[in-house]
Amino acid sequence: MKLRNYLFLILSLFVFTSIIFAGDENNFPVYKLEREPTVRIGLLRNSYSAVITTRNTSLVAEGLDGTNRFLNTTRIRVSSKLYKPPVFEYYRFETTDFETKEEAESFANRIKAETQEDVAVMFGSTADKWKVRIGGEVETKPEADNYVAFLTEKGFEGIQIIPTQYTSPSDDAIALTRQILNTPKSKVHSLTGSRPINSRNPRNFVKKISSSRPTRRKNMNAVINPRLREVVAAGRGVNISSLRPITIGSSNSRGIVYLNGKRYRGKMEVFVNAKGRITVVNVVPVEDYLLGVVPAELSLPQIEAQKAQAVAARTYALGNKDDYEAEGFDMVDTVWSQVYKGVRAETRMGTRAVNETRGMVATYQGKPINAMFTSTCGGRTEDSRNIYDFDLPYLKGVHCSLDGKKHFSPFLIKSSREPALIRNEANYEFVRLASKYAVNNFVMVTNRFSDDYFEDAPTETELKSWLNQLAVKFNKPFPLVTAETSKPLRLARVLHSLIYTPDAETDAETLLSEADINYQLSFLDAGEVPKQDRLILATLMRDGWFSIYSDLTIKPNKPYSRGKILNLIDHIYSKKKWSPKFESGTAKPTEDGKLVLRVGRSEREIKISQNVFLFRKFGDAFYQVKETALLGGERVRYKTNSLGEIIYLEIEPTRETTVAEKMSPFTNWRTRKSASSVLASLRRYVRGLSGTLIDINVKKRGFSKRATELEIITTTGKFTLKRGKIRSGLRLREQLFVMDKRYGTNGRVISFTFTGRGWGHGIGMCQYGAYGFAKMGLNYDQIINHYYTDIDLVKAYQ
């Protein structure tokens, strides 16, 4: 029993632990946030001034103490100005001059006895005069006047009020000076942190004037940074200045605010930077921020691709907060973080993508990943360690395609027609030939072409159909056709009646001698051709309308096969330039089994018949297939029926890449550079690089075959350039490239031709690849999991 209880306890603990860490096999906590976070986007980083406006509502200034001030205007200009400590006055009390010191001392004693104030006898306006200073100082003129009136009531006349001016920096000025001194790396030169609550009671006037220094004079001797600047917000009826940041928003909590005419959601925080100019930061909820990021980063029209971009952008924002902490914000609005264009970039599809993935974040070991993404990966991404100085387990190189046939299945077009079953290679040319004529009203009595079909004689029905089509072309009556018509001499007579005029035989008999006939019929079994057929056959042979077997016989009593007769008819069509006409074009990726053609800048969709004759080129020949993929870029020839459906389709494969990102204009590129220009650009990235360039060699390549280490040889030595600096140093779109070098007579390289693929750093999600995968039917979570290795998708907040 004890053992059973012990086992039950162990099992209970296991189940409880499993519940706590459900969905995370490594027992890392699931990434969760209590609420939607905000992000800080640096829009202006070194501006002298900016204009903030709103429409229909008032602007609101928000203070660090949590209070809001309605500005009653829709437009303000923000800038900075040099801080000047405020000037104050304090007031002392003195008598007029006394002639003698004794008189002054007597007066002083009377004042002290009557008022209990401190008094002091001192020299007067000249060295031989004396005066009395009474009490301490007061801070305001009304206080001074009241005190003089008080002394006058006591019978003390001639009391003068002596004003003295002084400057006293504010507490904020002293705190900001200290902040700048203590945080030398910070570029924020406005006072951050909460404003202390002022609990001081108003100072009431009392009849006794205290000799202690007034409170506002406590900073009188404080030393402050002389370069302090204030943020200034000015507009109609508004003039605000502050050593602290000023936050401006719309009176609608999620209203639109314009910065220099560009629309943004959220609020604008303005502060002074280290250069004494202003920085403007858009403080915005992350979901509102994404509305202006997703369409700006990936505007391609596939909802699942834009959802993947929304997740990647959200993850990047949460994982890279405080990237620009020293400058007072999280990210910038360019490719150095994520492209963010505010409200003007928002689209219906982008908004839908953000809303339908709200809160979804890609995590690794319970934290948001560094969800890097690149425009065009060139067919495969790269390990992060080969481009940057960090090695993240989820940023591993992957192919921008699915495994095996999975990659092509979304683009397949299929036919219910069984492909030809041909073992005799000599018969294969008939498959395509018969298919072309079958879609041009030539009857073919078979569901599947085979060797036997082409080697057997045609049925009477087939032969009637074929010869009737020929009669229509020649504008002749339909000929009499029987089962015997497939024999060569009967067939020759029918063809002669169609090709020539009724008098042609008489004309030939007149113009052709027996020797001429024998010359035309000089094949091996010509002696078996009856005399009545020799003239007709000789005429056809002379004019190239008929043919014999490859063994130089005609075999008069053996019916011609289907293949032989079809070949003969095709030859006639070719000589008369009647070959079946087909439309042609360049295909775009198949959608829902339809052929999508590129027509100028537009597209045209054509439905494909279920039993289409389908051919694909392999090498230099076309073969009948049951299914094939149209990925885009293929040259196609086709014919449609009366319903507009394609009934014949032949496809010439594209030479372009077939990876998911193939729609990108940067999939393939080429650029030429002189050796001098390459050396000049490399000097910015290779320390000590000097001399004349001799050669450049790729020493190492990464998983994706990107160049990860260059050897640079000059007349002064060998130098090395590694990782992502290669792309920057060579000023290329990508570092997935090969080099074609041209050398001078001295053996030194004089020019480079770089042939490459892709655009960007090649790390993480390929944006054009995501678009391609979405067109293939993948969901956003499948796309995210394809590009980021071993990550978890979690809903971080509601």
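The values are calculated or read from the model by the stated rules, or taken from the named source; none is laboratory data. Predicted model only: the values in this text are computed from it and were never measured. Cβ placement follows ideal geometry from the backbone for every residue including glycine, while neighbour counts extend to all protein chains displayed. For accessibility, only protein heavy atoms count, side chains too; no ligands or nucleic acids. Shrake-Rupley method; radii C 1.70, N 1.55, O 1.52, S 1.80 Å.
List of remarks:
- The modelled label-to-label distance for the pair Thr38/Asp171, using points 7 Å beyond Cα in the direction of Cβ, is 2.4 nm.
- Scaled to the globular estimate 2.2 N^0.38 Å, the Cα spread of segment 549-675, given as radius of gyration, is 1.46.
- Where the chain is the region considered: accessible area per residue in Å², 1.4 Å probe: 52
- Once you reduce segment 712-759 and segment 526-575 to the center of their Cα atoms, the two points are 66 Å from each other.
- Whole-number percent relative contact order across segment 346-456, with pairs defined as alpha carbons under 8 Å at least 6 apart: 16
- Ratio Rg/Rh [Cα only; Rh per Kirkwood] for segment 618-724: 1.27
- Rolling a 1.4 angstrom probe over the chain with all protein chains present gives an accessible area of which 49% lies on carbon and sulfur atoms.
- Placing +1 on the Cβ of every Lys and Arg and -1 on the Cβ of every Asp and Glu, with no other charges, gives the chain a dipole of roughly 1420 debye about its Cα centre.
- Other residues within the sphere of radius under 10 Å centred on the Cβ of Lys321, judged by their own Cβ, net out at -3 (K and R +1, D and E -1).
- Overall form of segment 504-589 per C-alpha gyration tensor (a/c, 1.5; a/b vs b/c): prolate
- Straight-distance crosslink candidates among lysines, where the alpha carbon sits under 24 Å from Lys741 and sequence neighbours closer than 8 are dropped: Lys673, Lys699, Lys700, Lys705, Lys718, Lys722, Lys725
- Whichever lysines have a C-alpha closer than 29 Å to that of Lys84, once near sequence neighbours (fewer than 8 apart) are set aside: Lys141, Lys185, Lys187, Lys218, Lys267, Lys275
- Based on DSSP H segments of at least four residues, each scored -39500 (n - 2.57), the chain has a per-residue ellipticity at 222 nm of -8000 deg cm²/dmol.
- Working note: Karplus 6.51/-1.76/1.60 with θ = phi - 60° gives segment 79-93 the couplings 7, 9, 9, 5, 6, 10, x, x, 9, 10, 10, 10, 10, 10, 10 Hz, where Gly and Pro are set to x.
- The residues packed around Leu721, meaning those with a beta-carbon under 9 Å from its beta-carbon, carry a net charge of +1 if Lys and Arg are +1 and Asp and Glu are -1.
- Kyte-Doolittle mean at least 1.0 and Cα axial length at least 15 Å: DSSP H helices in the chain: 2-20
- With viscosity 1.567 mPa s and temperature 4 °C, the Kirkwood radius over alpha carbon pairs of segment 460-613 converts through Stokes-Einstein to a diffusion coefficient of 71 µm²/s.
- Three principal axis lengths of segment 301-424 [C-alpha, angstrom, descending]: 77, 38, 26
- Legend: translational diffusion of the chain by Stokes-Einstein, Rh = Kirkwood radius over C-alpha pairs, 25 °C, 0.890 mPa s; D = 68 µm²/s.
- Just so you know, the averaged projected area of the alpha carbon convex hull for segment 209-347 sits at 13.0 nm².
- Tail weight of P(r) past 17 Å, computed on alpha-carbon pairs of segment 684-785, percent: 60
- Normalised by the number of residues in the chain, the mean separation of alpha-carbon contacts (under 8 Å, six or more apart) gives a relative contact order of 14 percent.
- In range of the label at Phe703: residues from segment 335-377 whose backbone nitrogen is under 12 Å from the point 7 Å along Cα→Cβ: none
- The packing ranking of peptides 180-189, 577-586, 450-459, highest mean first, is 450-459, 180-189, 577-586, where packing means the average number of other beta carbon atoms within 10 angstrom of each residue.
- Length released on extending from Asn46 to Asn746, taking residue separation times 0.36 nm less the Cα-Cα span: 247.0 nm
- Distance (nanometres) between label positions extended 7 Å along Cα→Cβ at Thr334 and Lys795: 3.8
- Rg to Rh, two decimals, where segment 732-790 supplies the alpha carbon set and Rh follows Kirkwood: 1.28
- Across segment 141-164, the residues whose backbone nitrogen lies under 19 Å from the label position 7 Å along the beta-carbon direction of Glu103 are 155-161.
- Distance in nm between pseudo-label sites at Arg635 and Phe70 (7 Å out along the Cβ direction from Cα): 7.2
- Less than 5 angstrom separates the built amide H of Cys766 from those of Thr374, all sequence-distant by 5 or more or on a different chain.
- Each of the peptides 33-45, 745-757 was scored by the mean count of other Cβ atoms within 10 Å over its residues; in descending order, highest first, they stand as 33-45, 745-757.
- Diffusion of segment 318-376 by Stokes-Einstein, at 4 °C in a medium of 1.567 mPa s and with Rh set to the Kirkwood radius over alpha-carbon pairs, works out to 96 µm²/s.
- Alpha-carbon centroid distance for the pair segment 301-356 / segment 459-480, whole angstrom: 69
- Sum of side-chain charges, Glu425 neighbourhood, beta-carbon under 14 Å (Lys, Arg +1; Asp, Glu -1): -2
- Debye, to nearest 20: dipole size of segment 25-87, +1 on Lys, Arg Cβ, -1 on Asp, Glu Cβ: 520
- At full extension, Leu524 and Asn611 could sit 26.9 nm farther apart than now, given 0.36 nm per residue minus the alpha carbon distance.
- Extension gain (nm, one decimal) between Leu552 and Ser299, 0.36 nm per residue minus Cα-Cα: 84.4 nm
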